[in-house]
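Enquirer: Right, I'll just put the structure down here and ask away after.
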Amino acid sequence: MADPHEPSDAAARRAKPAVVVYPNNTLPHADMEMLERARRTLTKIADIIVPPRDARAFEVPAGCFFRIVSVDGPQVGDLNLWNAHDLSEHFFSGKTRALNATHVGKGDRLWSTLPNLRPMATITHDTLGWYGFDADGGGIHDVIGTRCDPYTNRLLAGGDYHHCCHSNLTRALASARGMDPRDAEMHVHDVLNVFMCTGFTHDTHQYFMKASPVRPGDFIEFFAEIDLLGALSTCPGGDCGSTHSSDTAKCYPLKVEVLRPDANALAGWAPPQRNPYPRTHGL
Ligand SMILES: [Zn+2]
């Protein structure tokens, strides 16, 4: 039944054109040709295995690359990134979504929080790029979810579960930086959902997940634009095809590889500066 408050020109109002909020033609892009050349010269300098239902921190110097690799079985990863020298500058999921799309892939950049707003990392390869968007509207590597956490679990399901991504990331940061977990927790932020297949239902626009199509050997690769501290959680949801925030789903490790290009591969490149807005805010 029609809503009695619907105005007579409702159809005309709904027919207005959709305008992309941030036109991509002014967004500064990475020099993908240079990065493509550089990635052909990579030498691995570190390997980090993240055990199931846990997280590990890792450092990536500016100008190096890192890969998140599927090993053993389909597994979703929750990624946090910080400026290695200033934890107040971290990955800004919401603005990255607004500037790119609900899901990110090769060529997209991960932006940092205000007042910095600079690219922290650029995606240089994605073996799941073929997936696109499926019939349900699902895509891979979303910036719409936040991370599973014990507070929402307590709210919705009751009980305390200590291996949600939020807690895993908290433990990883606390151990990497010798911090009290309650201090570390305040630096954990909305994630990039690596390998996760998500979308919004067509009818009710609710956030959904479905089994990740990732298979062992698949990887997503990033170029570190600034010195990075990262943390990756192996979500207790496993492939996130059924449930999370419990020990029910089958879970697998993930591997992080840090790789360095040849010294001359990035000739002329320099890390991006923080955003130059003077922060006077009209005063
Ligand atoms: Zn999770």
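The values are calculated or read from the model by the stated rules, or taken from the named source; none is laboratory data. As the structure is a computational prediction, the values presented were derived from the model and not from experiment. Heads up, the Cβs are rebuilt from the backbone with ideal geometry, glycines too, and the neighbour counts pull from every protein chain shown.
Enquirer: Tell me whether segment 140-158 contains one or more residues that are at pLDDT below 95, farther than 14 Å from Val191 by Cβ and assigned to a loop (DSSP other than H, G, I, E, B).
Expert: There is at least one residue in segment 140-158 that is at pLDDT below 95, farther than 14 Å from Val191 by Cβ and assigned to a loop (DSSP other than H, G, I, E, B).
Enquirer: Let me ask something else. Condition (residue is away from the ligand (no atom under 12 Å from the Cβ), within 26 Å of Gly138 (Cβ to Cβ) and among the aromatic types (Phe, Trp, Tyr)) applied to segment 243-254: is it met by at least one residue?
Expert: Yes; the residues of segment 243-254 include at least one that is away from the ligand (no atom under 12 Å from the Cβ), within 26 Å of Gly138 (Cβ to Cβ) and among the aromatic types (Phe, Trp, Tyr).
Enquirer: How many residues does segment 181-211 hold that are surrounded by 15 or more Cβ atoms within 10 Å (Cβ to Cβ) and under 20 Å from Arg56 (Cβ atoms)?
Expert: Selection size over segment 181-211: 12.
Enquirer: Name the residue that is nearest to the ligand (Cβ to nearest atom), counting only residues in segment 138-165 that are without any contact (Cβ under 8 Å) to a residue 60 or more places away in the chain and in contact with an Asp or Glu (Cβ under 9 Å, 6 or more places away or on another chain).
Expert: The extreme case among them is Thr146.
Enquirer: Turning to a different aspect of this structure: Looking only at residues in segment 208-226 that are assigned to a loop (DSSP other than H, G, I, E, B) and hydrophobic (A, V, I, L, M, F, W, C), which one is nearest to Gln273 (Cα to Cα)?
Expert: Selected residue: Ile226.
Enquirer: How do the strands (runs of 3 or more DSSP E) wholly within segment 60-138 filter down when requiring 2 or more residues that are surrounded by fewer than 22 Cβ atoms within 10 Å (Cβ to Cβ): which remain?
Expert: In segment 60-138, 65-70, 86-90, 119-126 are the strands (runs of 3 or more DSSP E) which contain 2 or more residues that are surrounded by fewer than 22 Cβ atoms within 10 Å (Cβ to Cβ).
Enquirer: Kindly indicate the residue of segment 189-229 that is of a type in the set (D, E, K, R) and in contact (Cβ under 8 Å) with a residue 40 or more places away in the chain and also nearest to Asn168 (Cα to Cα) among those meeting that condition.
Expert: This residue is Asp190.
Enquirer: Is there a residue in segment 246-269 that is of a type in the set (Val, Ile, Thr) and modelled with pLDDT under 95?
Expert: Yes; the residues of segment 246-269 include at least one that is of a type in the set (Val, Ile, Thr) and modelled with pLDDT under 95.
Enquirer: Within 14 Å of the ligand (Cβ to nearest atom), outside any loop (DSSP other than H, G, I, E, B) and more than 15 Å from the chain's Cα centre (by Cα): is that true of Asn193 in this structure?
Expert: no
Enquirer: Being in a loop (DSSP other than H, G, I, E, B) and buried (at least 18 other Cβ atoms within 10 Å of the Cβ) is the filter; apply it to segment 232-242 and report the residue that is farthest from the ligand (Cβ to nearest atom).
Expert: Once the filter is applied, the top-ranked residue is Asp239.
Enquirer: On to the next question. Is it true that Asp3 is over 17 Å from Ile123 (Cα atoms), modelled with pLDDT under 95 and of a type in the set (D, E, K, R)?
Expert: The answer is yes for Asp3.
Enquirer: Residues being touching a helix residue (DSSP H, G or I) at 6+ places or on another chain (Cβ under 9 Å), within 11 Å of the ligand (Cβ to nearest atom) and in contact (Cβ under 8 Å) with a residue 24 or more places away in the chain: count how many of those fall in segment 167-181.
Expert: 1
Enquirer: Still on this structure: Consider only pairs whose beta carbons are under 6 Å apart and that are at least six residues apart or on different chains; among these, list those whose first residue lies in segment 259-283 and is over 17 Å from Thr124 (Cβ atoms) and whose second residue is basic (Lys, Arg).
Expert: Arg274/Arg118
Enquirer: Leu229 passes all but one of (1) farther than 20 Å from His103 by Cβ; (2) more than 16 Å from the ligand (Cβ to nearest atom); (3) under 19 Å from the mean Cα position of the chain (by Cα); (4) in a loop (DSSP other than H, G, I, E, B); which number fails?
Expert: Result: Leu229 fails condition (4) only.
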